[in-house]
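Input: a single structure, listed below in structure tokens.
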Amino acid sequence: MSVVQHAHLTADAKRRVAVGPSRLQSLLWHWGGERLVWALLAVAVFVVAIVPLIYTVNAAFYGETRTGLSNVRDLTAILNVYTSAEYLGYLANALVLAVLVTVLSLAAGVTMAVLMARTDLPFKNTLDLLIIMPLFLSPFTGLIAWITLGSQKTGFVNVTISAVLNTIGIDPGPIINIWSYAGVVWVMFLFFCPFAYLFTVGSLRAMDSSLEESARTSGATPLQTLLRITIPMALPSILASGLLIFILAAEMYTIPGIIGSTVGFTTLPWQIYQDSTVFPVHRAHAAAAGTMLLWITILGVWLQRRITQRSERFVTVSGKGFRGRPLSLGKARWLALSGIGLYILSADILPFGALLLSSFMKYSAPMITLDIFTLVHYQQIFTLQDMRAALWNTTWLAVLCGAICVLVGLLISFMEVRRPGPATRTLAFLGVLPVAVPGLVYGIGLLWTYIQTPIYGTPWILLMAYVAKFLPYGIVVSRSAIIQLHPELEQSARMSGATGLVALRKITMPLLKPTLIAILFFVMLMSIKELSASILLYNQKSQVLSVLTWHYMDAGN
């Protein structure tokens, strides 16, 4: 060390000593502030997410009457669910379906994310919006659209292709049959693929491309660079999106239930729905079956954290930024555009077109003629008071839920990654658990928890349900993004006098902006579409669009 450097260090030390007491007080206040934030987060997670979950699990250990639970403790439901070939078969069906959907969704979603973020693919702004468009549809609505398109005898696709080929003397028969196992996988794949894209493309866009440039300079081909550098560095985001897709696919009951019930295929979530709603109800069996999905989620979360526990391996954004040129696709760009275009046709144009066309029809009909079109549906729906109230409730609940999940999820993940310890890890783990329980079963637990409190029957209980169900997405996805940020960025801010929360607000959050926007957008859309818990917890004053839509469908309107 030089004399000049030593003199500077000595002067700096004297300055620190001179302001020692005030600095010590500041550090103590900062430390106490972080502890206070952690305590508030712990209380919020426990009240909103864990207490209803405890009630749900507790319900599995009661006997049953024809209308609900008895007052007597009983292990019959647990034993039936965990030992019977019937329920184990339902679980196996759900898991196999979830694996298929997850693999297909990750393959297509990550490929599109790489093409959009790391290559010179044209028309990116337009394609970016079109790829995530299926998120605007609920799975149930998407299923209705594809039933309209792909039914064997009346589907628009089959009728149109048959009409064209019949003119040249060819009778091809049904081309598509949505009422099949392949139809279930197809519709779920179209719905979940944007999840993989949305949660991966942000981290790929923020990734430092110096490693890719080094690989190309060393003679690696573009494909080798993608497989050995780009994809492994994005592994936290890919694992996070894969985990969420798997959990959501495993707990989905609408698409597998409606189609599967007609082809002899039953999954565990559909059986849970039947046990919860069909008289005589089997609420204890529904709760016990929900715990089976809970163990699957716990295993998945543990595996994800195990794989990404050495966070330094996945750092893609550091204090030394570098932006290289995007990968040139050459002639392959048209092949890539064709693949993305095929997905957009299947996920956007056909289902949205079918829904739009059907909304102007007086009645369902395979052959389109001008006399079946009408505007009366739109004239009626915008004048209904229930519609206006449901639209307002849906809007403010979605915005508030999205903001809470982004902020709370970020804080929990930040403290887990940057302040690792048993307390922060436990809090993050507990915050993820509600996603494992089907919304219908969790709604029952929330109902039992707050039925005698002032918030029951108000929109606030819906907000609690939405936050509990969608907070895990904020935790898991923001954690994967934080892992990819080198801590030196925040350490530099701390050395300049910033507190941990200030460094989070001014350094970490701006760098995570694409991921946080993706979480906000995703949670808002999921809140708008949430039905299973809403239908148990709403009343006339707190009705939302998903419940109102369900009532219209149930009435055949």
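The values are calculated or read from the model by the stated rules, or taken from the named source; none is laboratory data. None of these values were measured; they are calculated from a predicted model. Every residue, glycine as well, gets a Cβ built from its backbone with ideal geometry; the counts of neighbours run over all protein chains shown. For the accessible areas, the whole protein counts, side chains as well, though only heavy atoms, and no ligand, DNA or RNA atoms are used. Shrake-Rupley method; radii C 1.70, N 1.55, O 1.52, S 1.80 Å.
ALA113 meets the conditions (1) without any contact (Cβ under 8 Å) to a residue 12 or more places away in the chain; (2) within 29 Å of the chain's Cα centre (by Cα); (3) open to solvent by less than 30 Å² (accessible area, probe 1.4 Å) in every case but one. The failed one is (1).
Starting from residues that are within 15 Å of the chain's Cα centre (by Cα) and among the β-branched types (Val, Ile, Thr), keep the ones in segment 181-204 and report whichever is farthest from PHE246 (Cα to Cα). Taking the candidates together, the pick is VAL201. For segment 524-544, taking the residues that are not in a helix (DSSP H, G or I) and not acidic (Asp, Glu), the one that is farthest from PRO472 (Cα to Cα) is identified as ASN539.
When you check LEU433 against the structure, is it open to solvent by 10 Å² or more (accessible area, probe 1.4 Å) and within 21 Å of SER241 (Cα to Cα), yes or no? Against the criterion (open to solvent by 10 Å² or more (accessible area, probe 1.4 Å) and within 21 Å of SER241 (Cα to Cα)), LEU433 qualifies. No other residue among ILE372, ILE381 is without any contact (Cβ under 8 Å) to a residue 40 or more places away in the chain and either among the small types (Gly, Ala, Ser) or touching a strand residue (DSSP E or B) at 6+ places or on another chain (Cβ under 6 Å) (or both) apart from ILE372. All of PRO236, PRO194 fail the test of being assigned to a helix (DSSP H, G or I), modelled with pLDDT of 80 or more and open to solvent by less than 30 Å² (accessible area, probe 1.4 Å), apart from PRO194. Within segment 408-433, the residues that satisfy the criterion of being β-branched (Val, Ile, Thr) and either closer than 21 Å to VAL523 by Cα or not in a helix (DSSP H, G or I) (or both) are VAL408, ILE412, VAL432. Whether a residue is β-branched (Val, Ile, Thr), open to solvent by 20 Å² or more (accessible area, probe 1.4 Å) and at pLDDT 80 or above was assessed, and ILE475 does not pass this test. Residues in segment 157-168 that are open to solvent by 70 Å² or more (accessible area, probe 1.4 Å) and not aliphatic (A, V, I, L, M) were compared, and the one that is nearest to the chain's Cα centre (by Cα) is THR160. Of the residues making up segment 14-65, those that are in a helix (DSSP H, G or I) and either at pLDDT below 55 or acidic (Asp, Glu) (or both) number 18.
The set of residues from segment 509-550 being among the β-branched types (Val, Ile, Thr) and either modelled with pLDDT of 85 or more or in contact with a Lys or Arg (Cβ under 9 Å, 6 or more places away or on another chain) (or both) comprises ILE517, ILE519, VAL523, ILE528, VAL544.
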